[in-house]
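**Student:** Handing you this structure, nothing more for now.
The values are calculated or read from the model by the stated rules, or taken from the named source; none is laboratory data. All values reported here derive from a predicted model rather than from experimental measurement. So basically every Cβ, Gly included, is an ideal-geometry build from the backbone, and we count neighbours across all protein chains shown. We work out accessible area using only protein heavy atoms, side chains counted, and drop any ligands, DNA or RNA first. Shrake-Rupley method; radii C 1.70, N 1.55, O 1.52, S 1.80 Å.
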Amino acid sequence: MSFNLKLRALRKRKGMPQRELAKELGVALSTIAMWETANREPDLATIRKIADYFNVSIEELVNDDIELGYENYNLKNNARFDEEIISLRNMLHSRPEMQMLFSVSKSASKEDIEKAIRIIEALKQS
């Protein structure tokens, strides 16, 4: 699990809005949002603050190979924590063509979306 997902999971576990975490860490609300969408990463001093605040090691926080255990962080029972949704949100933030596709599809009918999917699948096969 990447840093941005771990940060979000830890914050959600505490039932804490981004605004509150920003205040605790002495950073702007937009900074927390950018960390959680993987658009920026904090410096080492701030990573230490985050690790201390959530009572985790720096290694747990930054090493993608180390997962936060469900038994320790109670993420399994947190219905708001959905890694797939976070992944999709990150993709929308980082890929302009996906933003356009999503924006156009908001007003599309189910039939239009199904047609677009068939076209995309045909393009992938060619």
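**Student:** From the P(r) of the range 1-68, could you give the percentage of C-alpha pairs in the tail past 17 Å?
**Tutor:** 32
**Student:** Note down the nm distance, to one decimal, between modelled labels 7 Å out along Cα→Cβ at MET16 and at GLU121.
**Tutor:** 4.5
**Student:** I want to check the label-to-label distance for SER2 and ASP64. Put each point 7 Å from Cα in the C-beta direction and report it in nm to one decimal.
**Tutor:** If labels sit at SER2 and ASP64, their model points lie 0.7 nm apart.
**Student:** Using a 1.4 Å probe over the heavy atoms of the protein chains, calculate the carbon and sulfur portion of the accessible area of the range 1-61 as a whole percent.
**Tutor:** The nonpolar share, carbon plus sulfur, comes to 45 percent.
**Student:** How would you order 106-114, 34-42, 59-67 from highest to lowest mean count of nearby Cβ atoms within 10 Å?
**Tutor:** In decreasing order of mean packing, 106-114, 34-42, 59-67 become 34-42, 59-67, 106-114.
**Student:** Moving on to the next point. Between ALA33 and SER57, take the C-beta separation as r, use R0 = 22 Å, and let me know the FRET efficiency to the nearest 0.05.
**Tutor:** For R0 = 22 Å, the calculated efficiency reads 0.35.
**Student:** Now for a different question. In whole Hz, what ³J(HN,Hα) sequence does the range 49-63 give by Karplus (6.51, -1.76, 1.60; θ = phi - 60°), x for Gly and Pro?
**Tutor:** Computed from phi, the couplings for the range 49-63 are 4, 5, 4, 5, 4, 8, 6, 10, 7, 4, 4, 4, 6, 9, 7 Hz.
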